Amino acid sequence: MSRSRDAQATQKLFEVLEKACRYYERQLAHPARGRDARAYLQSRGVTEATRGAFRIGYAPEGPDQLIQAAKRSAISLELLEQAGLCLQGRGGPIDRFRQRLLFPIIDVRGRVIAFGGRSLANQDPKYLNSPQTPVYSKGRQLFGLPQAKEAIVAEKTAVIVEGYFDVIWPWQAGIQGVVSPSGTALTPEQAKLLNRYATRVILAFDADAAGAAATWRGIEVLLETGLDVQVARLPAGVDPDEYVRGQGAEAFRAL
């Protein structure tokens, strides 16, 4: 395939991912279909403004709701599969994300490249991410970077947390230079990405055994990139989302 045809194919993927993001946003806003998802966000204290800033959406119940919507817009099944939005089930193609709250992964150029989905129906896994695609490699992206970039550049400091809500709640509370590696151990590529904007990184992972292990790995990766690394010590059993909600933004800044 020629370089121009490669570029055209990639652009089509960006377009279908953007359309999917808008579809999921509409489902969340729908008075009936999005009611439970909006109630869940409200229970987590997420405001409508924050919902819009992160373009949070909802994948409705049903095996192929997105597929049917795409068909009505003349978007091919092949393109949906390439974008990681559907897969082959036992009875045919099904939506990858069903009955999940969706967090779009957006690159630094503002393009939707993938999604992370939080189950609202006790599905396993609790969090489901897009697979690797021609436009998305999990280890090369950071959730929340487009929203955090301005604050990171201004303060020359980035805070790294584990989860989507650990990014969203501090951001909503005014601590906006916060990003997450989206369910993967911090990679050298992610560290290099941060090195474009920050000179200092603060790790604020959960205060449990997994968080401690991730912290040590993160320190090693970040130091190799030449960044100044510090660690925020959270109380045992508390994540940044819970800490900011319970103690407030200034207490989190103090950490």
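The values are calculated or read from the model by the stated rules, or taken from the named source; none is laboratory data. The model shown is predicted, which means the values in this text are computed figures rather than measured ones. With ideal geometry, Cβ positions are generated from the backbone for all residues, glycine too; neighbour counts draw on all protein chains shown. SASA here: full protein model, heavy atoms, side chains in, ligands and nucleic acids out. Shrake-Rupley method; radii C 1.70, N 1.55, O 1.52, S 1.80 Å.
Before moving on, here are some points about what is shown:
- In a residue-by-residue description of the range 129-147, the property of being modelled with pLDDT of 95 or more, among the small types (Gly, Ala, Ser) and over 15 Å from the mean Cα position of the chain (by Cα) applies to no position.
- Pairing residues of the range 20-46 that are at positive phi with residues that are in a helix (DSSP H, G or I), at Cβ distances under 8 Å and at least 6 apart in sequence or on separate chains, gives GLY45/TRP169; GLY45/GLN172; GLY45/ARG245.
- Test result for ALA191, closer than 17 Å to LEU142 by Cβ, touching a residue at least 40 places away in the same chain (Cβ under 8 Å) and assigned to a helix (DSSP H, G or I): no
- For the range 96-147, a residue qualifies if it is in a strand (DSSP E or B) and among the β-branched types (Val, Ile, Thr), and the qualifying residues are ILE105, ILE106, VAL112, ILE113, THR133.
- Residue count for the range 204-237, restricted to those that are open to solvent by 40 Å² or more (accessible area, probe 1.4 Å) and either part of a strand (DSSP E or B) or of a type in the set (Val, Ile, Thr) (or both): 3
- Taking residues in the range 64-87 that are within 19 Å of GLN99 (Cα to Cα) and free of Cβ contacts under 8 Å to residues at least 24 places away in the same chain, and partners anywhere that are part of a loop (DSSP other than H, G, I, E, B) and of a type outside the set (S, T, N, Q), the pairs with Cβ atoms closer than 8 Å and at least 6 places apart or on different chains are CYS86/ASP64; CYS86/ARG96; LEU87/ARG96.
- Close pairs from the range 104-123: first without any contact (Cβ under 8 Å) to a residue 24 or more places away in the chain, partner open to solvent by 10 Å² or more (accessible area, probe 1.4 Å) and of a type in the set (Ser, Thr, Tyr), Cβ under 8 Å, at least 6 apart: SER119/TYR127
- Condition check for ALA154: surrounded by fewer than 24 Cβ atoms within 10 Å (Cβ to Cβ) and in a helix (DSSP H, G or I): yes
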